[in-house]
Amino acid sequence: MKKELSSSIEQTINTFNEKLASIASLKELESITPQFLGKKGSVTALFQNIKTLSLEEKKIFVPQLNKLKVTIEEAISSKKIALIQSIEKAAELDEQSFDVTAYKPFDGHKGHVHLYTELIEEIENIFISMGYDVWDGPYAETEYYNFTALNIPEDHPARDMYDTLWLNKKGWLLRTHTSTVQIRTMEKQQPPLAGIVPGTVFRHEAVDASHDIQFMQCEGLFVDKNITIAHLFGVAKTFLQKLFNKKELDIRIRPGYFPFVEPGVEIDMRCPFCTTGCSTCKQSCWIEVFPGGMVHPEELRMAGIDPEIYSGFAFGFGLTRLAMIKYGIPDIRLLQSGKISFLKQF
Ligand SMILES: [Zn+2]
């Protein structure tokens, strides 16, 4: 009897601990009390054995049974408190309202200006430091401002140099170059004139890695008395040295043809990225960047400026091309793609 009762007590407490550990709600907890402490519960059944025990045995087992009962009662009560507390905590979290003034610490991901914006600001600052203004003009233009006034009359073969996007309205087009703004400015203002026109231009192109129907150019114009082509070379060299942050950046001049300048030149810069040839300069160490020349006297005359008194130079470089060279961008389409993965790199 002694041995049996002893192992029954041990078994009861083990079973109780196991069941208690698996309980997750108050409802489940309620069902466990009668299983052990109820009239037909296992602890109550053990107490019924007392009457069959001898006095000696009673002295040993009654305190053990009482201890078992108290242990189970206390464990149920502790579990009940723990369950109530977790229910209250969940309810509290549920009730919390959204605080719009809450401060979220900076996680390191912030936006920045687009590459174009950054480059245009840099270019503008360089030219403003040399005394230039920044001019702007319309995208939709007339044939007159895009061609005729730039010394490219109707039926002139040079019109074929530009793959033009014509608009439905007769004689209207999307400007193929920013040179249109030169004319508009000269019509309004007499020299001295110095300005740049960074802006979007449009061409009827098949789109690939180096051609897009929309890209950016920067036009420059300087008109005053006694202006020579040497001034153009000086401005081009100073600008490129500042943009690529190189104190010594050589340029070279080749003849070039553009209908609105005479003479016309192509200005190349020595590759700022290598000394013996690289992929940017196609192993030649020279990069073609800066077409320009002396403003054609006919263009000055048409804009109401006397070419006998004034002369000037003009240039127009591909801003998109310059961005691709400066930042090493392999595909023109990336610049206007709006791809976050691309933009994040800069
Ligand atoms: Zn190179």
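Past the 30 Å Cα-Cα mark, which pairs from Lys242/Lys344; Lys39/Lys80; Lys225/Lys326; Lys3/Lys39; Lys27/Lys104? Pairs exceeding the cut-off: Lys225/Lys326; Lys27/Lys104.
Taking only the C-alpha atoms, wrap a convex hull around segment 2-95 and report its volume per residue in Å³ as a whole number.
Details: hull volume 7.2 nm³, N = 94.
Per-residue hull volume (Cα only) is 77 Å³.
Answer rounded, prolate or oblate for segment 115-343, using the Cα gyration tensor with square roots of eigenvalues a ≥ b ≥ c: rounded when a/c is under 1.5, else prolate when a/b is larger than b/c, else oblate. All intermediate terms of the calculation are to be shown ahead of the outcome.
On the way: a/c = 1.69, a/b = 1.19, b/c = 1.42.
Here segment 115-343 falls in the oblate category.
Exceedance of the 24 Å cut-off in Cα-Cα distance is limited, within the set Lys40/Lys69; Lys2/Lys51; Lys110/Lys246; Lys19/Lys59, to Lys110/Lys246; Lys19/Lys59. Within the chain, the whole DSSP H helices whose Cα atoms reach 15 Å or more along their own axis and whose mean Kyte-Doolittle score is at least 0.5 are 115-129, 229-243.
Working from the Cα coordinates of segment 203-255, the gyration tensor eigenvalues give, after taking √(5λ), semi-axes of 28, 17, 11 Å in decreasing order. Close amide H partners of Glu219, meaning residues 5 or more places away or on another chain with modelled amide H under 5 Å apart, are Val197, Gly199.
Please say if segment 257-329 is rounded, prolate or oblate, where rounded means a/c under 1.5 for a ≥ b ≥ c the square roots of the C-alpha gyration tensor eigenvalues, and otherwise the choice is prolate for a/b larger than b/c and oblate otherwise? Write down the numbers at each step before the final one.
Numbers: a/c = 4.09, a/b = 2.83, b/c = 1.45.
Prolate.
Checking every one of the GluC sites (Glu not before Pro) in segment 28-66 against DSSP loop status and a limit of 11 other Cβ atoms within 10 Å picks out no site at all. The stretch between Ser7 and Ser78 holds 23.0 nm of extra length on full extension. This uses 0.36 nm per residue minus the Cα-Cα distance. Estimated from the Cβ-Cβ distance and a Förster radius of 51 angstrom, the FRET efficiency linking Lys344 and Glu187 is about 0.70. Of the residues Gln11, Tyr145, Gly293, the one whose Cα sits farthest towards the positive end of the charge dipole of the chain is Gln11 (charges of +1 on Lys and Arg Cβ, -1 on Asp and Glu Cβ, taken about the Cα centre). More than 18 angstrom separation, counting every C-alpha pair in segment 70-148; what % is that? Everything past 18 Å amounts to 77 percent. Over segment 1-159, the hull volume per residue, using the convex hull of the C-alpha atoms, is 331 Å³. Taking the chain, the Cys residues with no second Cys beta-carbon under 4.7 angstrom are Cys218, Cys285.
Identify the trypsin sites (Lys or Arg not before Pro) of segment 43-152 meeting these criteria: DSSP loop state and at most 11 other C-beta atoms within 10 Å of the C-beta. Walk me through the numbers on the way to the answer.
Details: sites: Lys51, Lys58, Lys59, Lys67, Lys69, Lys79, Lys80, Lys89, Lys110; in loops: Lys110.
For trypsin sites (Lys or Arg not before Pro) across segment 43-152 that sit outside H, G, I, E and B with at most 11 neighbouring Cβ atoms in 10 Å, the list reads Lys110.
A DSSP coil position with no more than 14 other Cβ atoms inside 10 Å describes the following GluC sites (Glu not before Pro) in segment 265-346: Glu308. P(r) tail for segment 214-346: Cα pairs beyond 19 Å make up 56% of the total. When only alpha carbons of segment 122-245 are considered, Rg and Dmax amount to 15.7, 46 Å.
The numbers here are math on the coordinates, done by the rules we state, and not lab data. Please read all numbers here as calculations on a predicted model, not as lab measurements. Please note: Cβ atoms are built from the backbone with ideal geometry, for glycine as well, and neighbour counts cover all protein chains shown.
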